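Participant: Take a look at the following structure, please.
Read-outs throughout are calculated quantities, based only on the coordinates presented, and are distinct from any laboratory measurement. Note that this is a predicted model, so its numbers are computed, not measured. Cβ: placed from backbone, ideal geometry, glycine included. Neighbour counts: every protein chain shown.
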Amino acid sequence: MWHWMSSAVSLIGLLLFAITGFTLNHAADIEGTPVVIETSGQMPAPLLARLRAAVPDTERAPLPADVAAWVEKSFLMKASAEAEWSADEVYLPAPRPGGDAWVAIDLATGAASAEVTSRGWISYLNDLHKGRNSGGEWSLFIDIFSFACLVFAITGLFLLQLHSAKRKSTWPLVGLGLAIPAAIAVIFIH
């Protein structure tokens, strides 16, 4: 029961991880054309005054809530990351799976510029595979998915043990599953 339940929970994830494992292994052969969208805007004077008043003592700090709300509305990106503050500019990086984004706000004039880059679905799925820039919820999903895969593999070993008496090639095949990658690693990877 544990074997089929864990396989049901992890099936789609295993398929996606197998496909993205292939695309990651052949990333140099799969060309993508990044799409870059540049926008600009002018921060309203009251928000600019609020931003200037909020300049922190450190180089990295979050934007004030009302400024973050304006950034999210004006540039359609999350403004929850810590911004990089300098004497003349606030730079907010907003990396995301399959792309990147940022907004820069001039502290003197309130001029804001932003750039959103999308590298396509393959890059998006590859970044999810690695957990890159995907947030805490995705990280939790990966942990749960990994646990389901472990349950699937361990219960699979119990099933192999149960049926191995009737299938003489069971343990030699399991041994090959260990020996082949180990041999490749020892012989070819330096």
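Participant: Over the chain, what lengths in whole Å, largest first, do the semi-axes of the equivalent ellipsoid take, defined as the square roots of 5 times the eigenvalues of the alpha-carbon gyration tensor?
Facilitator: Sorted largest first and rounded, they come to 49, 18, 14 Å.
Participant: Computed FRET efficiency, Cβ-Cβ of residue 89 and residue 37, R0 22 Å: what is it to the nearest 0.05?
Facilitator: For R0 = 22 Å, the calculated efficiency reads 0.60.
Participant: Which residue, 62, 95, 172, tops the fluctuation ranking in a GNM of the chain built on C-alpha contacts under 10 Å?
Facilitator: 172
Participant: Still on this structure, please answer the following. Mean residue ellipticity at 222 nm from the helices of the chain, using -39,500 (n - 2.57) per DSSP H segment of n ≥ 4 over the full residue count, to the nearest 500 deg cm²/dmol?
Facilitator: Computed ellipticity for the chain at 222 nm equals -18000 deg cm²/dmol.
Participant: In whole angstrom, note down how far apart the Cα centers of the range 16-82 and the range 103-119 are.
Facilitator: Taking the Cα centre of each part, the range 16-82 and the range 103-119 sit 9 Å apart.
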